[in-house]
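K.L.:
I have a structure I would like to understand better, so I am pasting it below and will then ask my questions one at a time.
The values are calculated or read from the model by the stated rules, or taken from the named source; none is laboratory data. Predicted model only: the values in this text are computed from it and were never measured. As a convention, Cβ positions derive from the backbone with ideal geometry for all residues, glycine included, and neighbour counts pool all protein chains shown. Heads up: the accessible areas ignore ligands, DNA and RNA and are worked out on the full protein's heavy atoms, side chains in. Shrake-Rupley method; radii C 1.70, N 1.55, O 1.52, S 1.80 Å.
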Amino acid sequence: MTRSAFDYVDGVLHAEGVSAVSLAEQFGTPLYVYSRAALTAAWNAYAGACAGRRASVHVAVKANSNLAVLNVFARLGAGFDIVSGGELARVLAAGGKAENTVFSGVGKQAGEMRDALAAGVKCFNVESIPELDRLNAVAGEMGKKAPVSLRVNPDVDAKTHPYISTGLKSNKFGVAFEDARATYQAAAAMAHLKVVGIDCHIGSQITEVAPYLDAIDKVLELVEQIEQDGITIRHIDVGGGLGITYDDETPPEIGEFVRTVLDRIEVRGHGHREVYFEPGRSLVGNAGVLLTQVEFLKPGAEKNFAIVDAAMTDLARPAMYDAYHAIEPVVKRDVPAHVYDVVGPVCESGDWLGRERLLAVEPGDLLAIRSAGAYGFVMSSNYNTRGRAAEVMVDGTQAHVVRAREEAQQLFAGETILPA
Ligand code: LLP
């Protein structure tokens, strides 16, 4: 996914047709800015490659769950992939349809299962026998049959960061490959479950197609065995995980990725099955930036610091995964460039956003932190009683506030002190 929705016009960064300087002036910083055009372009890349094939796309809500973002996808006809009752509520509030929603996650609670069954979700991606038992019991109480697919763990190395690699045996995710056939038999024998598919998800920020093809080959072998046992598998969910360019990564382009996956499934003789994709990052990652203002420049003996008003509470990825996000001045200025660590105001040494960046900036200048549309705002916190940033969506020359900045009073509104 390109970053072209955020480009410089006469030395000033713009989001589509709106200057980032005017956005910061109008709405303050730190500020998340999304581009409707970029969201739409990424969706169209998936949808275009799926057109005419037996394939559908389910937006991984966890990557960016803002209602306006989900609504843009819902209007384009998207399905959704959720991992909690809260995400289901968001999908419904954003105009998404339960019948196009799959419910993933390793620890679903009975209440969440009940709500999802009542809403009529398309499929539960189940990860263990105890979870099958729980879902069977909940569906039984409701007089329903729950559609299920099992998330199997194909034990392939997605060659990504260990915290976001999920397809290896050592992960908590999925049913072990060796146990999958027996687990399918157990599921098929449960009165209130209906087996409809198979699911895998091998990790995130994957920049090669090879691990997907390895996983698919293993899953298809399994599908053939499961069908020998008389259980019908209607769909294959290949999960999400396609990577984006943060720095110099060169992931496959979305359309090419989709076609390669679908072709492999077809060539292997499984083209009659429906294929589900669950992308998050590749839909929203480069459709968002985080704007922040430089508070102070602090020269040091060993390092120079640019202290900005965004923090690990706004964008946790650098602190959590050592992740790289490009950082650029919003206005290109003719001042001397120095190497800075870009850090936030939170009282933690881990509160950094970028290390050793060459920047031509002065206090008061604005910086744009790129590729912040995925796992940005959604992972933000209120540590240090910092209100979470506002979110804005730009649509052509219009900017819409899609989430108001949090004020301090809101942060402790649910708290009470003991009686006198
Ligand atoms: N489906 C399932 C079952 C998942 O667990 C995930 C992400 C996705 C789909 C979407 O994956 P994507 O296309 O976005 O890679 N917070 C981390 C990423 C965690 C991903 C968790 N699962 C980060 O900031 O890099």
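K.L.:
Name the single residue, out of those in segment 224-259 being β-branched (Val, Ile, Thr) and within 16 Å of the ligand (Cβ to nearest atom), that is nearest to the chain's Cα centre (by Cα).
P.N.:
Ile244
K.L.:
If you don't mind, there's one more thing I want to ask. Quick test for you: out of Val330, Val284, Val361, pick the one residue that is within 16 Å of the ligand (Cβ to nearest atom) and surrounded by 18 or more Cβ atoms within 10 Å (Cβ to Cβ).
P.N.:
After applying the criteria, what remains is Val284.
K.L.:
Let me ask you something else. How many residues, within segment 250-274, are of a type in the set (Val, Ile, Thr) and either touching a Gly at 6+ places or on another chain (Cβ under 7 Å) or not assigned by TED's automatic domain parsing to the domain that holds Gly203 (or both)?
P.N.:
Residues flagged as of a type in the set (Val, Ile, Thr) and either touching a Gly at 6+ places or on another chain (Cβ under 7 Å) or not assigned by TED's automatic domain parsing to the domain that holds Gly203 (or both) within segment 250-274 amount to 1.
Listed here are the residues, each with its yes/no results for (1) of a type in the set (Asp, Glu); (2) buried (at least 24 other Cβ atoms within 10 Å of the Cβ); (3) within 16 Å of the ligand (Cβ to nearest atom).
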| residue | (1), (2), (3) |
| --- | --- |
| Arg36 | no, no, no |
| Val57 | no, yes, yes |
| Leu92 | no, no, no |
| Glu99 | yes, no, no |
| Lys108 | no, no, yes |
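K.L.:
Those residues that are in contact with a Ser or Thr (Cβ under 9 Å, 6 or more places away or on another chain) and open to solvent by 10 Å² or more (accessible area, probe 1.4 Å), I need them from segment 255-280; list them, please.
P.N.:
Scanning segment 255-280 gives Glu274, Tyr276, Glu278.
K.L.:
Also: With the condition kept exactly as written, say whether any residue in segment 380-401 is out of contact with any His (no Cβ under 9 Å at 6 or more places or on another chain), open to solvent by 60 Å² or more (accessible area, probe 1.4 Å) and among the hydrophobic types (A, V, I, L, M, F, W, C).
P.N.:
Within segment 380-401, one or more residues are out of contact with any His (no Cβ under 9 Å at 6 or more places or on another chain), open to solvent by 60 Å² or more (accessible area, probe 1.4 Å) and among the hydrophobic types (A, V, I, L, M, F, W, C).
K.L.:
So, one more: Which condition breaks for Ser65 when tested against (1) within 16 Å of the ligand (Cβ to nearest atom); (2) over 26 Å from Val175 (Cβ atoms); (3) open to solvent by less than 10 Å² (accessible area, probe 1.4 Å)?
P.N.:
So the condition that Ser65 fails would be (3).
K.L.:
For a quick check of your reading: which strands (runs of 3 or more DSSP E) sit entirely within segment 330-420 and have at least 3 residues that are within 29 Å of Ala37 (Cβ to Cβ)?
P.N.:
In segment 330-420, 352-359, 366-369, 390-395, 398-403 are the strands (runs of 3 or more DSSP E) which contain 3 or more residues that are within 29 Å of Ala37 (Cβ to Cβ).
K.L.:
If you don't mind, another one. Considering only residues of segment 345-358 that are among the small types (Gly, Ala, Ser) and open to solvent by 10 Å² or more (accessible area, probe 1.4 Å), which is farthest from the ligand (Cβ to nearest atom)?
P.N.:
Ser349
K.L.:
Could you check how many residues of segment 210-235 are open to solvent by 40 Å² or more (accessible area, probe 1.4 Å) and not small (Gly, Ala, Ser)?
P.N.:
Within segment 210-235, residues that are open to solvent by 40 Å² or more (accessible area, probe 1.4 Å) and not small (Gly, Ala, Ser) number 10.
K.L.:
Any residue in segment 116-136 that is touching a residue at least 40 places away in the same chain (Cβ under 8 Å) sitting within a Cβ distance under 8 Å of a residue that is open to solvent by 40 Å² or more (accessible area, probe 1.4 Å)? List the pairs, counting only those 6 or more apart or interchain.
P.N.:
Listed by first residue and then by second, the contacts come to Lys122/Glu99; Lys122/Asn100; Glu127/Val106; Glu127/Phe173; Ser128/Val106; Leu135/His192; Asn136/Ala191; Asn136/His192.
Quick grid of which residues meet (1) under 18 Å from Ile369 (Cα atoms); (2) touching a helix residue (DSSP H, G or I) at 6+ places or on another chain (Cβ under 7 Å):
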| site | (1), (2) |
| --- | --- |
| Ala15 | yes, yes |
| Val18 | yes, no |
| Leu23 | yes, no |
| Pro30 | yes, no |
| Trp43 | no, yes |
| Gly52 | no, no |
| Ala68 | no, no |
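K.L.:
Test Ser104 against the stated conditions and say whether it is under 25 Å from Glu274 (Cβ atoms), among the hydroxyl-bearing types (Ser, Thr, Tyr) and open to solvent by less than 30 Å² (accessible area, probe 1.4 Å).
P.N.:
So Ser104 passes the test.
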